[in-house]
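The values are calculated or read from the model by the stated rules, or taken from the named source; none is laboratory data. Since this is a predicted model, take the numbers as computed values, not measurements. Counting neighbours? That spans all protein chains shown, and the Cβs are built from the backbone with ideal geometry, glycine included. Ligands, DNA and RNA are excluded from the accessible area calculation, which covers all protein heavy atoms including side chains. Shrake-Rupley method; radii C 1.70, N 1.55, O 1.52, S 1.80 Å.
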Amino acid sequence: FQALRGVNLRIEPGEFVAINCGAIPENLMESEFFGHERGSFTGASERKIGKFQLANKGTIFLDEVAELRPEMQVKLLRVLQTGEFERVGQSRTRGVSVRLVSATNADLRAETAAGRFREDLLFRINTVEIHLPALRERREDIPVLAGHFLRRHATRYRKDLEGFDESALQALLGHPWPGNVRELEHAVERAVLLARGRVVLSSD
């Protein structure tokens, strides 16, 4: 998917497992996905079950899927096509049945054209595409999201806040938000920390 943020999908009963593909070191990626046997590499002191096995009969969510290295793209394609994988350090083939949901901020078609993302993998994961426009293209969502983040962080920091004054709300609506929802949340969190009264001001 081009993006998946706050989209309500109907997920059938079963395990839901999430992986941030951009946060896992390259040398641990295969182990994270498929698991490993004890002693299969330096530091593998015990057997580990991978995320695909944990998600069997359920859903696996790959965030930032464009960050996958080419060799992991090949391994992901294989498990999606055949439903089979092996743990690192083991020759036994295991079967798995998962629903895959993936998300990225990158343009996968451009990544494919540049040779950084496999075209066959793109075709395999792009069954249903949900495009979520940038926050600047859906400004009507800003007050709702900002209010949500205000309540969340006011509770977290134990501050009694009622909302935003009009000038603060106009400042939020007027900002281009190049960092999208993450930038908005961080801005609201900072405002919660700096606010001295019960209403967040534009100066906050």
Take Phe117 and tell me if it is more than 17 Å from Ile19 (Cα to Cα), assigned to a loop (DSSP other than H, G, I, E, B) and open to solvent by less than 60 Å² (accessible area, probe 1.4 Å). yes
Is it the case, given these coordinates, that Lys51 is at positive phi, open to solvent by 40 Å² or more (accessible area, probe 1.4 Å), modelled with pLDDT of 90 or more and not small (Gly, Ala, Ser)? no
Only one of Val88, Val101, Val74 is of a type in the set (Val, Ile, Thr), modelled with pLDDT of 95 or more, farther than 20 Å from Pro178 by Cα and touching a strand residue (DSSP E or B) at 6+ places or on another chain (Cβ under 6 Å), namely Val101
When only residues in region 89-104 that are hydrophobic (A, V, I, L, M, F, W, C) and crowded, with 18+ Cβ neighbours inside 10 Å count, which is nearest to Leu132 (Cα to Cα)? Ala103
Given region 135-199, what helices (runs of 4 or more DSSP H) lie entirely inside it while holding 3 or more residues that are touching a Cys at 6+ places or on another chain (Cβ under 6 Å) and crowded, with 18+ Cβ neighbours inside 10 Å? none
Just to be sure I understand the filter: pairs with C-beta atoms under 9 Å, separated by 6 or more residues or on different chains, first member in region 130-142 and touching a residue at least 60 places away in the same chain (Cβ under 8 Å), second member open to solvent by 40 Å² or more (accessible area, probe 1.4 Å) and not in a helix (DSSP H, G or I). Which pairs pass? Ile130/Val7; Ile130/Leu9; Leu132/Arg5; Leu132/Gly6; Leu132/Val7
Does region 73-84 include one or more residues that are in contact (Cβ under 8 Å) with a residue 40 or more places away in the chain and over 21 Å from the mean Cα position of the chain (by Cα)? yes
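Conditions (1) over 28 Å from Leu132 (Cβ atoms); (2) among the basic types (Lys, Arg), marked per residue:
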| residue | (1), (2) |
| --- | --- |
| Arg158 | yes, yes |
| Gly163 | no, no |
| Ser167 | yes, no |
| Gly174 | no, no |
| Trp177 | no, no |
| Arg190 | no, yes |
| Ala195 | yes, no |
